[in-house]
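Single-structure report; data block below.
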Amino acid sequence: MRVFEKKKLRLKDLSTVGGKIAGLNTVCRHARCPNISECFSKGHLTFMIAGSICTRRCLFCSVSGGVPEPPDPSEPRRVAEAARRLKLKHAVLTSPTRDDLEDGGAAHFTNTVKKLKGLNKGISVEILIPDFSLDRLAIKEVSLSGADIAAHNMETVRRLYSIRPQASYRRSLKVLEALREFNPELKTKSGFMLGLGEKKEEVMGLMRDILDTGCSLLSIGQYLRPSAESVEVRKYLEEDEFLDYKEEALNMGFRVVMSGTYVRSSYMAQEYLV
């Protein structure tokens, strides 16, 4: 089994930047992101709001499943205060899937975006959302939240969607379509993993499907197994293969593409602001 190691960078204050900030969660830790040292050392992080327990059990993800607590109404303010403390110029928000909530957590996203922008002059915000079970009112809510970028990840090709047993390939495409339908000026973004057994023609088809929704921002990364219980890696791609997919995506019409072994949806997120 190939072992990937990121260059370890010295962190000035991991407990402040990457750990729990006033009781807040980061997806960087919960999803065991391989870029954690690099991003934390630069003061980049992705807030995970609405709790850290997911109501779904995707076979590639390390976020804990179970029965979550209700969202903390004070969290939007505390996220905004943490962003000010860290002097963030760009904030990324995500959440576990909250099928237990009537709106899937959409209002909580909106409240957090508004608090961030109200307390941090000039800050830009990206939201990485679940599918909200294709609740159009929830999607409309987040599309008009004031976020600069709205992302929803496809994760893999249609044939391999069994790794997302409670999700749907078509549903996720419709989420991306609806975001633009409700807010045509909104920049939308998606991402997927390679190394799960997909074929090149399937990847090309996936990229065309994403582009057809009006989405112009794309991330492509290597699937790295987060635990022994997760689905196995079928292939480790070479960096040249990631560069080839990036070139194909740009030629198709995507505006910004990041593609590489360690690329994740929120990695270098500020670079998508073009």
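Across the range 236-264, the qualifying residues are those that are of a type outside the set (D, E, K, R) and out of contact with any helix residue (DSSP H, G or I) (no Cβ under 9 Å at 6 or more places or on another chain), and the one among them that is farthest from Phe192 (Cα to Cα) is Asn251.
In this structure, Leu186 does satisfy being of a type outside the set (Lys, Arg) and over 20 Å from Tyr262 (Cβ atoms).
Considering only residues that are part of a loop (DSSP other than H, G, I, E, B) and either over 17 Å from the mean Cα position of the chain (by Cα) or more than 17 Å from Ser266 (Cα to Cα) (or both), which ones fall in the range 199-225? Correct list: Lys199, Thr213, Gly214, Arg225.
Please work out if Arg171 is touching an Asp or Glu at 6+ places or on another chain (Cβ under 7 Å), of a type in the set (D, E, K, R) and either surrounded by fewer than 20 Cβ atoms within 10 Å (Cβ to Cβ) or at pLDDT 95 or above (or both). It is true that Arg171 is touching an Asp or Glu at 6+ places or on another chain (Cβ under 7 Å), of a type in the set (D, E, K, R) and either surrounded by fewer than 20 Cβ atoms within 10 Å (Cβ to Cβ) or at pLDDT 95 or above (or both). Just one of (1) modelled with pLDDT of 95 or more; (2) farther than 27 Å from Leu224 by Cβ; (3) in contact with a Ser or Thr (Cβ under 9 Å, 6 or more places away or on another chain) fails for Asp72. It is (3). Just so you know, in the range 226-274 the residues that are among the polar types (S, T, N, Q) and outside any loop (DSSP other than H, G, I, E, B) include one that is nearest to Ile129 (Cα to Cα), and it is Gln270.
Among the residues of the range 54-89, write down those that are aliphatic (A, V, I, L, M), assigned to a loop (DSSP other than H, G, I, E, B) and surrounded by fewer than 18 Cβ atoms within 10 Å (Cβ to Cβ). Across the range 54-89, the qualifying residues are Leu59, Val67. Any idea which of Pro165, Pro184 is touching a residue at least 60 places away in the same chain (Cβ under 8 Å), surrounded by fewer than 15 Cβ atoms within 10 Å (Cβ to Cβ) and out of contact with any Leu (no Cβ under 7 Å at 6 or more places or on another chain)? Result of the check over Pro165, Pro184: Pro165.
Applying the condition of being surrounded by 24 or more Cβ atoms within 10 Å (Cβ to Cβ) and in a helix (DSSP H, G or I) to the range 114-138 and asking which residue is nearest to the chain's Cα centre (by Cα) yields Phe132.
Candidates in the range 224-274 are the residues that are modelled with pLDDT of 95 or more and aromatic (Phe, Trp, Tyr); of these, the one that is surrounded by the fewest Cβ atoms within 10 Å (Cβ to Cβ) is Tyr236. Modelled with pLDDT of 75 or more and either under 20 Å from Ile123 (Cβ atoms) or out of contact with any Pro (no Cβ under 6 Å at 6 or more places or on another chain) (or both), is that true of Val63? So Val63 fails the test.
The values are calculated or read from the model by the stated rules, or taken from the named source; none is laboratory data. Note that the structure is a prediction, hence the values are computed from the model and not measured. Ideal geometry is used to build each Cβ from the backbone, glycine not excepted, and the neighbour counts take in all protein chains shown.
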